[in-house]
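This report concerns only the one structure given below.
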Amino acid sequence: MPKLFEPLALRGVTLKNRIVVSPMCQYSAQDGFANDWHLVHLGSRAVGGAGLIIQEATAVSPEGRISPEDLGIWKDEQVPMLRRINDFITAQGSVPGVQLAHAGRKASTYSPFTGSGEVPAAEGGWPVVGPSAEAFTDNYPQPEALDAAGIQKVITDFRSAAQRALAAGFQVIELHGAHGYLLHEFLSPLSNHRTDEYGGTFENRARLLLEVVAATREVWPEDLPLIVRISATDWTEGGWNADESVQLAALLKTRGVDLIDVSTGGNVPKAPIPVGPGYQVQFAERIKAEAGIRTGAVGLITTPIDAEAILANGQADLVLLAREFLREPYFPLFAAHDLGVEVEWPAQYERAKPRIASAAGQR
């Protein structure tokens, strides 16, 4: 059995395989509400056989949205449609997860379909916050540095969002501590210039994330997994780096985190990132080995052979695919065929199932 199709148990949840739909913003919500687009988008990946489907960055507060079209989970009225989607995902044998997020200083910006940079108040924009009063780049909003009350609100918002996630039927929570959004902004000395207990030393810069983890674990059941996504490096001198990521992952493990979803970058515009197939896998491998925690690898993983090699070589425990799942919603079904594994197809699609003896050209 290829590693890609071995089940993985995380606390009381077992994934049928190790192929994960990575969170992908769809910028298709109104007032944070999910709709039929999200049902079909996420549901089709469940029909396609993914083991875990992590819903896109879902804002814990209105001001935590990246764009006005982001999904949200800041009020109870948003729960029923999320529940409907998750019920469908679960019925297909996949596990529904959600990425809880706060965009910080990268909030109140246009979706990629409509423009770039700051959305002005006249067009529905809002004041944004961050660890320090420094904008991400010239055409992004100028943030206000969070005070003590603002930090406590962020923690409370994540805690409340976790409660709603449970009510909505999610079985996995991923906290978004990557890509230059709020929790990552606090981690990195390039965006965090505070002089209080949330700035300066590694311990201080990691404090907010650890407090959010603790608040989430207070309300998230013991038998359900908690994941944290991090950017393992800012790819910029003087920024957050791989050594700190290993140190952070070890701390997160002691706080009840079950797996680190290892990405990179996003906190610095125009960082020199050496993009290429599997370019971030090295960081997942190092964190797994040195912090002793399970990891997920992500970043231009596009073929079953490459995905299998990452797992077979012990570099990570899961692979997360994004753009490849946009191109091929049924990636796991065809990956099984390519690797010679017999998996169950939906009964409605069984007549189109390629037989193992034939090549992928039958698709």
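Miscellaneous remarks
- FRET efficiency, 1/(1 + (r/R0)^6) with R0 25 Å, evaluated for Arg11 and Ala347 via beta carbons: 0.25
- Charge context of Gly292, other residues only, Cβ under 15 angstrom, K/R +1, D/E -1: +1
- Counting neighbouring Cβ atoms within 10 Å and putting the fewest first, the residues Arg286, Arg255, Arg164 line up as Arg255, Arg286, Arg164.
- Size-normalised alpha-carbon gyration radius of the chain, reference 2.2 N^0.38 Å: 0.95
- Within the range 200-227, backbone nitrogen closer than 14 Å to the virtual label 7 Å beyond the Cα of Arg255 toward Cβ: 202-219, 226-227
- For the chain, the relative contact order works out to 16 percent when only alpha carbon pairs closer than 8 Å and six or more residues apart are counted.
- Straight-line reach from Lys106: taking Cα to Cα under 24 Å and skipping same-chain neighbours fewer than 8 places apart, the lysines in range are Lys75, Lys153, Lys270.
- Sorted fewest first by neighbouring Cβ atoms within 10 angstrom, Lys253, Lys270, Lys106 come out as Lys270, Lys253, Lys106.
- When only alpha carbons of the range 1-100 are considered, Rg and Dmax amount to 13.9, 46 Å.
- Cβ-to-Cβ counts within 10 Å put Asp317, Asp147 in ascending order as Asp147, Asp317, the fewest first.
- Expressed as a whole percent, the proportion of Cα-Cα pairs in the range 58-149 lying more than 17 Å apart is 56%.
- The range 252-313: mean projected area of Cα convex hull, nm²: 5.0
- The chain, helix-only ellipticity at 222 nm - DSSP H runs n ≥ 4, -39,500 (n - 2.57), divided by all residues, nearest 500: -9500 deg cm²/dmol
- Sum of side-chain charges, Thr90 neighbourhood, beta-carbon under 15 Å (Lys, Arg +1; Asp, Glu -1): +3
- Expressed to the nearest 5 percent, the antiparallel share of DSSP beta bridges inside the chain is 10 percent.
- Dipole moment magnitude, nearest 20 debye, the range 46-201 about Cα centre, only Lys, Arg, Asp, Glu C-beta charged: 460
- Inter-part distance where the range 143-172 and the range 271-302 are each reduced to a Cα centre, Å: 27
A short reminder: the numbers here are calculations on the coordinates, not readings from a lab. Predicted model only: the values in this text are computed from it and were never measured. As a convention, Cβ positions derive from the backbone with ideal geometry for all residues, glycine included, and neighbour counts pool all protein chains shown.
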